[in-house]
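Single-structure report; data block below.
Taken together, the values in this text are just the output of simple stated rules run on the coordinates, not laboratory data. These numbers were taken from a predicted model, which means no experiment stands behind them. A quick note on method: Cβ atoms are made from the backbone with ideal geometry, for glycine too, and the neighbour counts reach across all protein chains shown.
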Amino acid sequence: MLLPLLYFVKIRYRDGEFAFDFNERTGEKILAFMKDPKEPPPPPPPEAKWEEVESDVLHLSDDTYKSVLKKKKHALVMFYAPWCGHCKKAKPEFMAAAARFKDDGKVAFSAVDCTVHTTICTTNEVTGYPTLKYFNYGKNPQNYMGGREEADFVNFMNDPQNPGAAPSQPPPEAPEEQWKEITGYRNIHFPTTSSFDSFLKEHNSVLVMFYAPWCGHCKAMKPAYAEAASLLKDQNVDGVLAAVDATIDSQIAGQYKVQGYPTIKYFKNGVESFEYSGGRKVTDLVSFMKNPQAAAPTPPPEPEWSSVKSAVKHLSDSDFKSQLSKYKASLVMFYAPWCGHCKSSKPIFQSAADSLKDKNKAFVAVDCTKSRETCNEEKIEGFPTFKLYIGNNFLSEYEGGRSEKDFLNFIKNSPEAAKTEL
């Protein structure tokens, strides 16, 4: 079965010669273009990696992480992913705060790209982006639950053990005040750090939403959460909904390892039972509280393809050209781990590689989420993309079938490859 592949539409005209790429999909726009075909302006350059942007933020790697942090009395570390919208919004504020402390050798504002340095992020139990943690000489990590503007970061680092002492910030708005515009908010409970344990003892079935005032997903969920709380009360369901502002009651949020917003946890008889991962509609919440059950356990994470034993050669930015030059012909699959069509193609591509007997030819894979330079240079615009290389020179794009037989026949009998080898 042929699987679809995302491509830019290539408009060919003037005696059948390729002219340029045309990235429109609707019939109306294609018709308008064909009436007056003009080359569109070039796309904007790819966004620079954060570590390439000049700033006072220290970008940490597997090699530098421990050595840098153990020298800093106060370090605030942002664990992020390049594609994360909240991370992109926080970056300039984080950099501005770092600049305020650039002359203080005891203070560091640091960042770790979790799509690259996965071991560091796994060790620090990072489950959402951005996650910010405070370190004292590389030890005693504490989750940072404050705001994400320059002043918030600066106030925290002026006194990490008592950030609320900074005089420049007004007192935070009480949770009830934050919710007062939401219909039914009075049916939600708002326990604080000091009252949380006693509150749990009073109610044997509790769903708690840990949130931040600035969190867009939290704001979107509030109306449904309040309506669900009202319905539970009206229907005499044995259970209540509660909300905790994690930026105010950071101690209790830290105790329950809240690292992203909203985080929703279910408590039974005063003890945390599990994290709620169901839907966020009124009906979802009410149905859950009528019969609180943990979701089925998630399957273990899929191993990285490069760690699976096979004949596929996994290349990266550092060795792409040098390794390709060792083979007369290589069929390269450019992919992304999250891509569904890539997942479907992997075992077939792998079987073809294992069946290939010609040691002068190879099946190669490149993870474009890690080897971004190579994928940009090779003009990869969709996943998966298959390209044929003779030595380390690109020859043609493969647009054929995706069965094991198709892959093998192509690399064995490609007319381009045969012509080059003559």
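May I ask you to sort ARG100, ARG402 by Cβ crowding, counting other Cβ atoms within 10 Å and putting the fewest first?
ARG100, ARG402
On a 0 to 90 degree scale, rounded to 10, what angle separates helix 85-100 from the longest Cα axis of the chain?
Once rounded, the angle reads 70 degrees.
Specify whether the C-alpha gyration tensor of the stretch 175-270 places it in the rounded, prolate or oblate class, a ≥ b ≥ c being the square roots of the eigenvalues: rounded for a/c under 1.5, otherwise prolate if a/b is larger than b/c and oblate if not.
oblate
Does anyone have the angle between helix 216-234 and the longest principal axis of the chain? Alpha-carbon axes, 0 to 90°, nearest 10?
Result, in degrees: 50.
Starting from 0 in steps of 10 Å, tell me what percent of the Cα-Cα pairs of the stretch 328-422 lands in each bin.
Going out from 0 Å in 10 Å bins, the stretch 328-422 shows 16, 52, 30, 2 percent.
In the neighborhood of ALA98, defined by Cβ-to-Cβ distances under 14 Å, what is the net charge if each Lys or Arg adds +1 and each Asp or Glu adds -1?
The answer is -3.
Which pairs break 31 Å Cα to Cα here: LYS139/LYS265; LYS35/LYS387; LYS49/LYS387; LYS328/LYS370?
LYS35/LYS387
Compute the distance from the alpha-carbon center of the stretch 368-382 to that of the stretch 275-342, in whole Å.
Between the Cα centres of the stretch 368-382 and the stretch 275-342 lies a distance of 18 Å.
Roughly what would the spin-label model give for ASP358 and TYR256, points 7 Å off Cα along C-beta, in nm?
6.1
Please get the size of the charge dipole for the chain, origin at its Cα centre, with Cβ charges of +1 on Lys and Arg and -1 on Asp and Glu, quoted in debye to the nearest 20.
Result for the chain is approximately 940 debye, rounded to the nearest 20.
Among SER277, PHE196, THR247, pick out the residue whose Cα is farthest towards the positive end of the charge dipole of the stretch 175-290, where Lys and Arg carry +1 and Asp and Glu carry -1 on C-beta, about the Cα centre.
Of SER277, PHE196, THR247, it is SER277.
Any idea how far apart LYS405 and LYS268 come out in nm if each label point goes 7 Å out from Cα toward Cβ?
5.4
What whole number of Å gives the distance from the Cα centroid of the stretch 179-239 to the Cα centroid of the stretch 80-118?
After rounding, the separation between the Cα centres reads 33 Å.
Just for the chain, what percent of DSSP beta bridges are antiparallel, to the closest 5?
Of the beta bridges lying entirely in the chain, close to 55 percent run antiparallel.
What ratio of Cα Rg to 2.2 N^0.38 Å holds for the stretch 252-371?
Working it through for the stretch 252-371, the quotient is 1.66.
How would you classify the chain from its alpha-carbon gyration tensor, with a ≥ b ≥ c the square roots of the eigenvalues: rounded for a/c under 1.5, else prolate if a/b is greater than b/c, otherwise oblate?
Prolate is the answer for the chain, as a/c is 1.5 or above and a/b outweighs b/c.
State the answer as a single residue: which of GLY128, PRO175, ALA229 lies farthest towards the positive end of the charge dipole of the chain, with beta carbon charges of +1 for Lys and Arg and -1 for Asp and Glu, about the Cα centre.
Of the candidates, GLY128 comes out farthest on the positive side.
Across the stretch 178-189, in residue order, what do the Karplus-derived ³J(HN,Hα) couplings come to in whole Hz, using 6.51 cos²θ - 1.76 cosθ + 1.60 with θ = phi - 60° and x for Gly and Pro?
So the Karplus estimates, Gly and Pro as x, are 5, 9, 5, 7, 8, 4, x, 4, 5, 8, 9, 8 Hz.
Per residue of the chain, what 222 nm ellipticity follows from adding -39500 (n - 2.57) for every DSSP H run with n ≥ 4, rounded to the nearest 500?
Value at 222 nm, helices only, nearest 500: -9000 deg cm²/dmol.
Highest mean first, what order results for 375-384, 73-82 on Cβ atoms within 10 Å?
Top to bottom by mean Cβ count within 10 Å: 73-82, 375-384.
Shape verdict for the stretch 242-315, please, from the Cα gyration tensor: rounded (a/c under 1.5), prolate (a/b greater than b/c) or oblate.
Note, shape of the stretch 242-315 comes out prolate.
Rounded to the nearest 10 degrees, what's the angle between the helix 404-413 long axis and the longest principal axis of the chain, both from Cα atoms, 0 to 90?
Computed tilt is about 40 degrees.
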